[in-house]
Every structure is written in structure tokens, then in C-alpha cells.
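What follows is a short report on a single structure.
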Amino acid sequence: MPDQTFSATKFYCLKAGAVVGLLLASALNSLPGPIVCSRVADLNPGAVGSFPTNLTVCAGSLFFSAYTLSTGWEPWRYHGNTITLVSNINDTADDIGSGILEGNDSSPGGFTSFATAVYFSAFDPRRGGELWRFDGTNAFRVTDINPDASDTIKSNPASAWPSELTVLGNVLFFSADSGGLRPNYELWKYDGASPTQVANIRPDSGSEHSSFPKGLTVFKNRLYFMANDGVNGYELWTSTGTGATLLTNINASGDSFPKYFTSFANKLFFQAFTDASGYELWQTDGTNTSMVAELNPGYASSFPESLIVYDNALYFSADDGTNGFELWSYDGLALNLVSNINLAGSSSPKNLTVFQNQLYFSANDGIHGWELWKYDGTSASLVTDLDPTGDSFPEQLTVGNGALYFVATTPDSGYELWRYDGNSANLVNDINPGPGSSYPQWLTALNERLCFSAAEDGFSNWEPWVAEPARVSFKTIKRLGADIELTWIATAGRTNIVQSSATGMEGTFTNLSAPIIIPGTGQVVTNFVDVGAAHAASTRFYRILQP
């Protein structure tokens, strides 16, 4: 088969006037072809888009928040073939003039799989922003953590605004505001029966009642996070689900602001601040907590960021005060400068992502500008110079369907979606043709698809998009008198050509149809009638070509 085409082939024989379909090679039944981009749906028809955000894969589906004129911002679900509104949680609307009603928002976010359902935060004018649950069919409020007296619609109902939803064992943890005289954001949990407050870390007194738990991270069957008890400042806390404990007061004279929690070699690593050393790399084994090393000596900070585990070491971007921000590693024994990519300043590696056993990132070597780089365990090298005249600014590096996807800009295409397969980087689709940009955002892998939000016009018409292999897969075959009807599934926007052969899979195939341009979006069921085929031969081979 030519490289630019692919096919699906079945063998059919006629017996006693019936059509019997026998699949000769399952590998040929649904073969991947070129990567194609298509808009999943025009959720909010017209010039103003639906602005999909918070794209998250839960329970095998993509959940996200999107806007339509009739519903406002509400939760949506993409199954891979269909896209549906989860629920119009805030079912109120306002007249915006000329009798036009605009739906109000539930502003859903924090989609998280727990047990057999998807949990998230959403706003209802009856009970405010609370914890919600979607069981695959219906969405309903789990409880009213910051309670209201009734279900009447209010202009400013009390809200808990759950966030940081994190699963540990059989429990869902989150930060929420239980209300009172002052906002009271503390650590909560839900065990499938009822939500309860884990701990009131900051006593309810004075003008501030909240400890604001942030960065909830599971490590060694415990929960670790940053919180402020009103005495020690923002420090490292831990919980098993019963109460919460200050693990250590890293900066005794103020806040240490621990963040970027990353597990490696049976320890939890993070960035933290002290007055004496600034922001440096720290570690804890759950009992003892210590600075890994003062990479940038004195009061200055190394600001370790983008922590990721690769090749049995912890990698990150940091500034040692001499070489600028460069790529560093820690193997459990010593800190090592991996590569001084920009000899004249900082290369500032970011978006560190592991793909095909190599570490990829965006960096600036001072010569080529911001481009895509990789580290293979021995040396760092430029992957490709997409914009020889300046910077391509690769960002949102995301692994999906055996490739590395990212957003980059060139003078010819603007900010668009790119794909690197380990050999070459190619523009997936110039969604906003020419130098204009579609600004893809929220890149999220869903099975063999890459889902994202993009704007065809570059500024307003944001809608959900998908990049996936162009496919063809036979679905059914049936006899219609003297004819045979073929039904198959194809990718919208692609051209299909039906071919047949009477001499086998390796025989000569001839065109039965003119080029068929598949209409619609996503995967589309298509059919073709082979006139007189039932009497043409005792055996017949079919295939669909997609040039």
C-alpha cells in the first residue's frame, strides 16, 4: 500500500443468496492514518464561542466547563464520539435586552474521579458554590457545606467553593469554606457518606479564620499540603484524614510557602523559603525534613521549579547564582548541573515532560531563541528550530497517542498545534489559516485523541477541538436485492474512495466510487451501494482508501 493511503479490507462470499462477511486481517479493519484536526462541536453557534476550560479526563470521558447563550458556563462531557451537557446546574437566566435570555453560570471546576463518579465544584443560586457529583446519568449536590436556610433563589447564597479535590485511598479530600463570621477555608473530606471537616487548622478568632490548605499531595498514604495556622505562617502540614499536624516549621520567623510537591526515591521534594537561604530545594521522608542543598548560597534563591522524575533522578530548573536558570538533577546523593544551555545567561528550562525515555522541554540557548529541547540522559540538544528568525515559544507539552504535542508559533502559522513523533516536528493543522493564531489551550490526551480548546478566528470563537488519527473501519455489509451496501466509520473532513478486487487482498483494486468527502465532525457513519455486486462474483474484496 502507498504510504499516503491506508485501507480497511474485508472478504465477502455469497452462499445461498446471503452475504457472509469474513474479516481476513483484524489489523486492517481500523488502521490509523494521518493526524487530523476537527472541531468537536459548535456549542455556542455564531462569532462568540463556548470558551472550553478546565479540560479533565475522568472515568474515560473528557469533562470541561463551557459557555452557551442558553445555559451560561456549565459542565460538559465528551465521550469520544458525542458531546453532551452534564447538567444546567444554574438554571436561571437574565434578560440581556430585546427579550434575549442569557443563562447564568454554575462555573464548574476541579473535575475529579472518585469511587464510581465524577466530583466537582459548581454554583447554584439556591445553595451557592458546593460539592457536586455526576454518576454518569445525573448530577446532584453532595451536601451544603456552607449552609443556606432554604432552596429559594438568592442573589448571594453562602458558598463553600470546594477546591484542591484530591483522592487518598477511599476518601476525597478538599479545601472548603464552612462559613461563619469570616470565610473559613479548612481541610475537608468526603468518604462517600457525608462530608466532614478534617481539622480546623486556624482557630476561628480575629479577622482571619482560614488556613487555606493548598497543594494537596498524596505521599506514603498521607496527605501533605501547605497551610497557615495563624501562628507559624504558611508551612508544611500532613494528615491521614483524622486531624492535621504541622510537620515542621521550616521558616521559624515567617512563611516558608512549600510548593511543587514531587515524590522521588521514597521522599517528597518541594520548594520552600527561609530568611537565611531564600527559596531552595527541600525534602521530607514523612518524619525528617531538611534542605537538600543551598544551591544559590546566602540570602539569594535558586527557585527550583518544574520538578519531574526522569531516569532515576529528580530534574528541575534552578539558578545557582553563576550559570543562571539551567537544567539540574538530583540523584539522591548530589545536585548536578545537567547542562549549561545558555552560556551567556539563563536558558530557563520549562514544561519538562518525559517522552520516549527522554526529557523534553522549552529553553532559550541565546542563539536560536525559545525552541524545543531534549535531554537523553547524557547530553542536551536542540530538537528543532521551528522559527529560525526568532522564538517559537513551545509550551503545553503533552504526551498523547505515541507523540509529543505542543503549541508553538512561526511567522507562517502563528500559534498553532504541533506534533513531534520522535523524528520530526510537524504542524498538525493551521486552524486559523496563515499567520493568524488559534491559540490552542488545555491540551488533554483522551485515549487516541488529543482534546483542546482553540479559536478559528484567533480571538472569540473558542470551541472544543480534537486531533486524532484519520480512520476508516467497516461496520456492516448487507445485500439489497442484487446490490451490496457497505457501511463504515470514517473521519469527518477526509476523502474516502471505495475500491474492490475479485482476486484477493494482494490483487488489483479498482475504484467503485468517486472521491467521497466525509461531512460533519468527528467520526461519521458513511455508506456506499455496490450496484449489482451480489451477482458479479462469488467472492469480492473491498477496501476504503483515504488519500
From phi via Karplus (6.51, -1.76, 1.60), per-residue ³J(HN,Hα) for segment 494-502 in Hz, x at Gly/Pro: 8, 9, 10, 10, 7, 10, 9, 8, 9
Any idea which of THR137, GLY97, VAL86 is furthest toward the positive side of the dipole for segment 82-144, if Lys and Arg beta-carbons carry +1 and Asp and Glu beta-carbons -1? THR137
Length released on extending from ASN288 to HIS535, taking residue separation times 0.36 nm less the Cα-Cα span: 80.8 nm
Projected label distance in nm at THR495 and ARG479, using a 7 Å step from Cα toward the beta-carbon: 3.5
Whole-number percent relative contact order across the chain, with pairs defined as alpha carbons under 8 Å at least 6 apart: 12
Could you point to the residue in VAL309, GLN197, ILE250 farthest towards the positive end of segment 197-326's charge dipole, with +1 and -1 charges on the Cβ of Lys/Arg and Asp/Glu respectively? GLN197
Hits in segment 260-295: amide N under 13 Å from the 7 Å Cα→Cβ extension of THR240, namely none
Taking max minus min of the Cα coordinates of segment 271-385 on each principal axis, largest first, gives extents in Å of 44, 29, 19
Work out the length of the dipole vector of the chain about its Cα centre, built from +1 on the beta-carbon of each Lys and Arg and -1 on the beta-carbon of each Asp and Glu, and round it to the nearest 20 debye. 2220
Scan segment 430-528 for GluC sites (Glu not before Pro) in coil per DSSP, keeping those whose Cβ has at most 11 other Cβ atoms within 10 Å, and list them by number. GLU506
Using a 1.4 Å probe and ignoring any ligands, DNA or RNA, find the accessible area of THR196 and quote it in Å² to the nearest 10. 60
Residue-by-residue Karplus 3J(HN,Hα) for segment 444-461, coefficients 6.51, -1.76, 1.60, Hz, glycine and proline x: 9, 7, 10, 6, 9, 10, 10, 9, 6, 10, 8, 10, 4, 8, x, 8, 9, 7
In sequence order, what are the phi-derived ³J(HN,Hα) couplings for segment 261-278 according to the Karplus relation 6.51 cos²θ - 1.76 cosθ + 1.60 with θ = phi - 60°, rounded to whole Hz, with x for glycine and proline? 4, 9, 8, 7, 6, 6, 9, 10, 9, 6, 8, 8, 10, 10, 4, 7, 10, x
So if we plug the beta-carbon distance of TYR299 and LEU512 into 1/(1 + (r/R0)^6) with R0 = 56 Å, what FRET efficiency do we get, rounded to 0.05? 0.15
Hull volume in cubic angstrom per residue (convex hull over the Cα atoms of the chain): 206
Heavy atoms of the protein only, probe of 1.4 Å, neighbouring chains included. What is the accessible area of ASP105 in Å², nearest 10? 60
Label point 7 Å beyond Cα of ASP421 along Cβ direction - residues of segment 431-467 with amide nitrogen under 14 Å: none
Under a Cβ-only charge scheme (Lys and Arg +1, Asp and Glu -1), can you give me the dipole magnitude of segment 270-393 about the Cα centre, in debye to the nearest 20? 120
Sorted from largest down, what three extents in whole angstroms do the Cα atoms of segment 383-506 have along their principal axes? 62, 34, 26
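The values are calculated or read from the model by the stated rules, or taken from the named source; none is laboratory data. Note that this is a predicted model, so its numbers are computed, not measured. Note: ideal-geometry Cβ built from the backbone for every residue, glycine included; neighbour counts use all protein chains shown. Surface areas here come from the heavy atoms of the whole protein model, side chains and all, with no ligands, DNA or RNA. Shrake-Rupley method; radii C 1.70, N 1.55, O 1.52, S 1.80 Å.
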